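Data first, discussion second: the structure below is written as structure tokens.
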Amino acid sequence: MEIWINPACSKCRSALSLLDAEGAGYTVRHYLEDPPGAEELAGVLRRLGLEPWDVARLGEPVAAELGMESWPRDRPSRERWIEAMAAHPILIQRPIITADDGTAVVARSPEAVRSVLPAAPPGVRRESH
């Protein structure tokens, strides 16, 4: 699995701590330094089952500069949102985990992080923290 993070984000650090505590195997992607292209972002959105405006960080200054708050949230505008987020990755909500089984989640809560962890082997019980 891969986790997209901003190291300055407390939710990202919490997600990493939980993955470590659970012994999960993962790779870290500093998505501000290694941003997804529009096609990759569209694929992750499909995996998430979300639209781009669902994961856009509209409180960011660049969102205000672009006027994104007033952009239509409809199928014809979808590509515009994705292109803006690919061009300005700070607009992408974080952390996002893409799991090996094809699922993905915006991992802002411990429950969301745990939802993409592989099932524990039979006879092993995961503890909630």
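Could you grab me the full set of residues in region 25-44 that are within 22 Å of R114 (Cα to Cα), in a loop (DSSP other than H, G, I, E, B) and open to solvent by 20 Å² or more (accessible area, probe 1.4 Å)?
Applying the first criterion (within 22 Å of R114 (Cα to Cα)) to region 25-44 yields 25-31, 43-44.
Checking the rest, the ones that are also in a loop (DSSP other than H, G, I, E, B) come to 25-26, 31.
Within region 25-44, G25, Y26 meet the criteria.
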If we scan region 62-81, do we find a residue that is under 16 Å from the mean Cα position of the chain (by Cα) and in contact (Cβ under 8 Å) with a residue 12 or more places away in the chain?
yes
Restricting region 45-91 to residues that are surrounded by fewer than 16 Cβ atoms within 10 Å (Cβ to Cβ) and small (G, A, S), the one nearest to Y31 (Cα to Cα) turns out to be A87
Among (1) open to solvent by 90 Å² or more (accessible area, probe 1.4 Å); (2) within 14 Å of L19 (Cβ to Cβ); (3) at pLDDT 95 or above, there is one condition H129 misses while meeting the rest; what is its number?
(3)
Of residues in region 96-124 being in a loop (DSSP other than H, G, I, E, B) and in contact with a Lys or Arg (Cβ under 6 Å, 6 or more places away or on another chain), the one surrounded by the most Cβ atoms within 10 Å (Cβ to Cβ)
R108
What pairs come up if the first residue lies in region 1-16 and is more than 15 Å from P35 (Cβ to Cβ) and of a type outside the set (A, V, I, L, M), the second is part of a loop (DSSP other than H, G, I, E, B) and open to solvent by 30 Å² or more (accessible area, probe 1.4 Å), and their beta carbons are under 6 Å apart, counting only those six or more places apart or on different chains?
K11/R108
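The values are calculated or read from the model by the stated rules, or taken from the named source; none is laboratory data. Since the structure is predicted, the reported quantities are computational estimates derived from the model, not experimental observations. Cβ sites come from the backbone with ideal geometry, for glycine too, and all protein chains shown count toward neighbours. In case anyone asks, the SASA skips ligands and DNA or RNA and just uses the protein heavy atoms, side chains included. Shrake-Rupley method; radii C 1.70, N 1.55, O 1.52, S 1.80 Å.
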